[in-house]
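> Before anything else, here's the structure in question.
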Amino acid sequence: MPETGCLAAPAGCADCQSRFAILGTVAPPQGVPGGALDEGKLSITDSRTGSEYELPISSASVRAIELRQIRQDPGEFGMLSYDPGFTNTAACTSRIAYIDGAKGILRYRGYPIEKLAENCTYTEVAYLLLNGELPTRHELEAWDTELMEHSRVHENVKKFMDGFLYDAHPMGVLVSTVAALSTFYPDAKQIDSRSNRYRQQLRLVAKMPTVAAYVYRKSQGYAYPDPDLGLSYTENFIHMLWSGTRRQTNERNLKVLARALDTLFILHAEHEQNCSTSTMRQVASADADPFVGVAAAASALYGPLHGGANEAVLAMLDEIGSASAIPEFMRQVKAGERRLMGFGHRVYKNYDPRARILQRIAAEVFEITGKNPKIDLATQLERIALEDDYFVKRRLYPNVDFYSGIIYQAMGFPIEMFTVLFALGRVAGWLAHWEELMSDPEKRIARPRQIYAGPGEQQFLPIDERLSKARAEVT
Ligand code: ACO
């Protein structure tokens with residue numbers, strides 16, 4: 001199986017299965033920092049003209065702009081690469097996350113996700129993502145203190161949130177509130193200053209739990225408590241969620257639940273150029289401030305094909321109801337009538353390593369909360385799917401969303417809150433990519449091309465002479 005796509009078959013080549021060969025980060029050549037080695041040339045012959053071209057290869061890729069020299073006649077614009085859904089396009093060079101989708105490997109800044117999930121706190125991992133290296137004990141204490149100091153939000157934020165209807169979807173409230181924070185911090189527009197960028201990163205990581213907890217409390221009709229600066233980042237989040245409500249927990253259980261949530265945030269923290277992170281980079285490429293960038297990224301995350309899948313998994317399990325309904329459900333999936341939510345991934349063609357860690361966390365959480373009966377249904381679905389030819393052939397495995405929702409539900413979160421919790425963790429990754437982009441000498445405004453397939457120049461008709469053609473198509 002080749003590591004990169006087959007140029008001959010942009011839509012997927014039966015021989016090399018290049019559609020399935022998009023396996024994550026393209027690794028630099030062994031032992032070559034940044035992969036700057038000249039790795040040779042790609043020779044192309046244009047059968048239309050007989051012309052030959054040599055495109056330099058670096059890090060197992062060619063620069064798309066090199067294709068522009070390929071023309072039938074000198075007046076032509078030049079050849080484009082066509083890649084709907086960006087299945088085989090590297091849009092940047094990044095040093096943040098490494099994924100080997102074939103082997104099921106995920107590393108943040110070179111550290112295996114399993115080690116980070118086992119040994120670190122979420123704030124430690126956020127520091128790693130944002131600064132490039134794990135903090136010393138002293139650095140972590142200073143970072144944690146700063147985060148807690150910035151965890152409050154302006155009182156007007158609460159008034160703003162009160163304007164939403166009682167049944168507003170928490171993700172809609174989160175996206176709007178984070179975007180609104182941009183108006184509270186106009187200095188965030190000074191994106192060229194590293195120290196100013198640091199201040200905005202601090203604010204966003206610090207305030208996300210507060211906003212997320214208030215989103216929850218708004219949906220339940222509870223008042224908004226202040227952060228407790230004496231608690232850790234995630235313990236304080238739980239305090240803001242449940243304080244003054246009937247949902248109380250003893251200190252030992254609080255520690256276990258906080259640790260489980262912390263680990264979930266670590267697993268959600270970063271995943272290279274996924275839909276929401278690419279959105280963050282896209283918006284930031286126009287020099288927009290990071291608050292609106294994070295709001296845009298969170299909007300992308302809201303989609304059921306992305307972070308919204310954890311919510312969709314629970315809805316699916318509810319709909320299936322019992323093991324006896326699995327065969328009919330699987331029939332529909334295999335007939336292409338629906339998808340098995342929480343399964344499949346653009347990059348992982350092996351078990352998502354995060355899903356494996358989540359199985360362990362589920363057991364720890366259930367010891368305190370009692371078992372969520374949906375775990376049995378999910379496990380059965382997984383077992384059946386992993387043995388079924390349809391899933392095996394397409395290399396569809398459980399992804400991070402398959403189990404996360406079941407754990408969140410056991411902890412007492414309504415399903416509409418699941419993607420909010422995902423966003424809380426992912427904010428560190430979005431901001432790490434923002435920082436990387438802002439200091440990238442290759443940064444340019446993101447502006448893809450298109451292949452125009454619409455009409456040529458049309459004759460303009462005054463309004464009373466037009467026939468209602470477009471309308472006829474949609475009705
Ligand atoms: N259930 C059934 N079939 C599936 C599934 C699924 N969950 N996912 C992919 N397939 C099938 C497709 O029908 C297609 O089959 P075909 O070749 O016969 O047409 C093949 O597998 C390839 O699927 P694509 O849609 O081309 O894969 P793509 O990389 O574009 O999509 C995605 C990836 C969106 C994650 C997809 O697998 C999916 O919809 N999964 C369900 C939603 C989900 O769990 N999303 C969360 C992803 S993790 C995250 O974002 C945090």
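> Being crowded, with 16+ Cβ neighbours inside 10 Å and polar (S, T, N, Q) is the filter here, so list the residues in the range 181-197 that pass it.
The answer is 182, and nothing else.
> Same structure, new question: In the range 58-71, is there at least one residue being touching an Asp or Glu at 6+ places or on another chain (Cβ under 7 Å) and within 30 Å of residue 234 (Cβ to Cβ)?
Looking through the range 58-71, none of the residues is touching an Asp or Glu at 6+ places or on another chain (Cβ under 7 Å) and within 30 Å of residue 234 (Cβ to Cβ).
> Just to be sure I understand, how many residues within the range 292-349 are closer than 21 Å to residue 175 by Cβ, small (Gly, Ala, Ser), open to solvent by 20 Å² or more (accessible area, probe 1.4 Å) and away from the ligand (no atom under 11 Å from the Cβ)?
Within the range 292-349, residues that are closer than 21 Å to residue 175 by Cβ, small (Gly, Ala, Ser), open to solvent by 20 Å² or more (accessible area, probe 1.4 Å) and away from the ligand (no atom under 11 Å from the Cβ) number 3.
> Same structure again: Does residue 256 satisfy being open to solvent by less than 30 Å² (accessible area, probe 1.4 Å) and β-branched (Val, Ile, Thr)?
Considered against the rule, which asks whether it is open to solvent by less than 30 Å² (accessible area, probe 1.4 Å) and β-branched (Val, Ile, Thr), residue 256 comes out as no.
> Check residue 446 against each of (1) under 22 Å from the mean Cα position of the chain (by Cα); (2) assigned by TED's automatic domain parsing to the domain that holds residue 134 and name the one condition it does not meet.
The one condition residue 446 does not meet is (2).
> Exactly one of (1) within 16 Å of the ligand (Cβ to nearest atom); (2) open to solvent by 40 Å² or more (accessible area, probe 1.4 Å); (3) farther than 27 Å from residue 449 by Cβ is unmet by residue 102. Its number?
Residue 102 satisfies every listed condition except (2).
> Name the residue that is farthest from residue 44 (Cα to Cα), counting only residues in the range 75-102 that are part of a loop (DSSP other than H, G, I, E, B) and of a type in the set (D, E, K, R).
Per the stated criteria, the residue is 95.
> Within 30 Å of residue 112 (Cβ to Cβ), more than 12 Å from the ligand (Cβ to nearest atom) and open to solvent by 10 Å² or more (accessible area, probe 1.4 Å): is that true of residue 235 in this structure?
yes
> If you don't mind, another one. What do you reckon, is residue 145 in a helix (DSSP H, G or I), under 18 Å from residue 211 (Cβ atoms) and of a type in the set (Val, Ile, Thr)?
So residue 145 does not fit the description; no.
> Here's a follow-up. So how many residues does the range 350-396 have that are free of Cβ contacts under 8 Å to residues at least 60 places away in the same chain, within 12 Å of the ligand (Cβ to nearest atom) and either outside the structural domain of residue 317 (by TED's automatic domain parsing) or part of a loop (DSSP other than H, G, I, E, B) (or both)?
2
> Considering only the range 171-180, I want to know if a residue exists there that is at pLDDT 95 or above, surrounded by fewer than 22 Cβ atoms within 10 Å (Cβ to Cβ), small (Gly, Ala, Ser) and closer than 18 Å to residue 428 by Cα.
yes
The values are calculated or read from the model by the stated rules, or taken from the named source; none is laboratory data. Just so you know, these numbers come straight off a predicted model, no measurement behind them. Counting neighbours? That spans all protein chains shown, and the Cβs are built from the backbone with ideal geometry, glycine included. Keep in mind that these areas ignore ligands, DNA and RNA; they rest on the heavy atoms of the full protein, side chains included. Shrake-Rupley method; radii C 1.70, N 1.55, O 1.52, S 1.80 Å.
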